[in-house]
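Accompanying notes for the structure given below.
The values are calculated or read from the model by the stated rules, or taken from the named source; none is laboratory data. In this text the structure is predicted, and so the values were computed from the model without any measurement. When we count neighbours, we look across all protein chains shown, and the Cβ atoms used for this are built from the backbone with ideal geometry, even at glycine. Surface areas here come from the heavy atoms of the whole protein model, side chains and all, with no ligands, DNA or RNA. Shrake-Rupley method; radii C 1.70, N 1.55, O 1.52, S 1.80 Å.
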Amino acid sequence: MHLEETDTGEYRVWLSTDDIDELLEAATDPTHELAYGLGVRCGLRSHEITAVEPSHLKEDDTIGHLLQVPQGKGSKYRETPVPSELVTQIKTIAKYQGEGPIVDVSTRTLRNWIERDRAALAEQTDDDRWCYVSMHDLRRSWAGQLRAASVEPPAVLEWGGWSDLDTFLNHYRGIGVPEVQAEERAKVSWL
């Protein structure tokens, strides 16, 4: 986990792959886990998570599974790749709930979940950095994980719905992801 203090005294957080796994395991039910997964595996914002419907899943013969985000920030439409395990979760939940939002809760509920789980993880791991994790940090970590995997920035911009490269570089793609830091450090023999 990496924290970066902002000008306002708040923190941006990038989770490592191990941190992401810990957070997903902290979820108390399938819907809760799916909400975190949509943030950290698809880069969705809180309001986008609460709007996902089964009909938003699409499969492209070349690209694979995609999740349509019809009402992103500024009502912008976009499509983002979705991992097969999330496709399975969405389809399974849809069998029981039917059409309509899969994570049928308010954005306040999402914030309550992350606040509760980050406090529990801080206590379990004896790592107070968990106290700074927000729902938006899941999106930030998603972008950072794509950076760590050397995904081309134009693809990340499109998938995440950013139109401004500077905003993306300044707030999301930073060197904050622990895996990226380790990769960069390994380039220097004396570190």
(message) Can you give me the C-alpha center-to-center distance between region 21-65 and region 73-100, rounded to a whole angstrom?
(response) 6 Å
(message) Once you keep just the Cα pairs under 8 angstrom separated by 6 or more residues, what percentage relative contact order results for region 42-191?
(response) 24 percent
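Taking the mean number of other Cβ atoms within 10 Å as a proxy for protection, how do you rank 132-139, 162-169 from highest to lowest?
Going by the mean number of other Cβ atoms within 10 Å, highest first, we get 132-139, 162-169.
With each run of n ≥ 4 DSSP H residues scored as -39500 (n - 2.57), what mean residue ellipticity at 222 nm is computed for the chain after dividing by its residue count and rounding to the nearest 500 deg cm²/dmol? Present the calculation step by step, with values, prior to reporting the outcome.
Numbers: 9 runs with 97 residues, N = 191.
Taken over the chain, the calculation gives -15500 deg cm²/dmol.
Tally up the carbon and sulfur contribution to the accessible surface of region 70-166 as a whole percent, 1.4 Å probe, everything protein left in place. Write out the running numbers ahead of the final one.
Values: 2630 of 5280 Å².
Exposed carbon and sulfur together represent 50 percent of the surface.
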(request) Report, to two decimal places, the Cα Rg of the chain normalised by 2.2 N^0.38 Å (N = number of residues). (result) 1.02
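Using alpha-carbon pairs under 8 Å, 6+ residues apart, how would you state the relative contact order of region 24-85 in percent? Numbers along the way, then the final one.
Working: 64 pairs, mean separation 14.2, N = 62.
23 percent.
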(request) For region 1-94, report the translational diffusion coefficient in µm²/s to the nearest whole number, using Stokes-Einstein at 37 °C, 0.692 mPa s, and a Kirkwood Rh over Cα pairs. (result) 226 µm²/s
(request) Sort Leu3, Leu66 from largest to smallest accessible area, using a 1.4 Å probe on the heavy atoms of the protein chains. (result) Leu3, Leu66
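State, to one decimal in nm², a quarter of the convex hull surface area for the C-alpha atoms of region 80-191, i.e. the direction-averaged projected area.
Values: hull surface 39.5 nm².
Mean shadow area of the hull around the Cα atoms is 9.9 nm².
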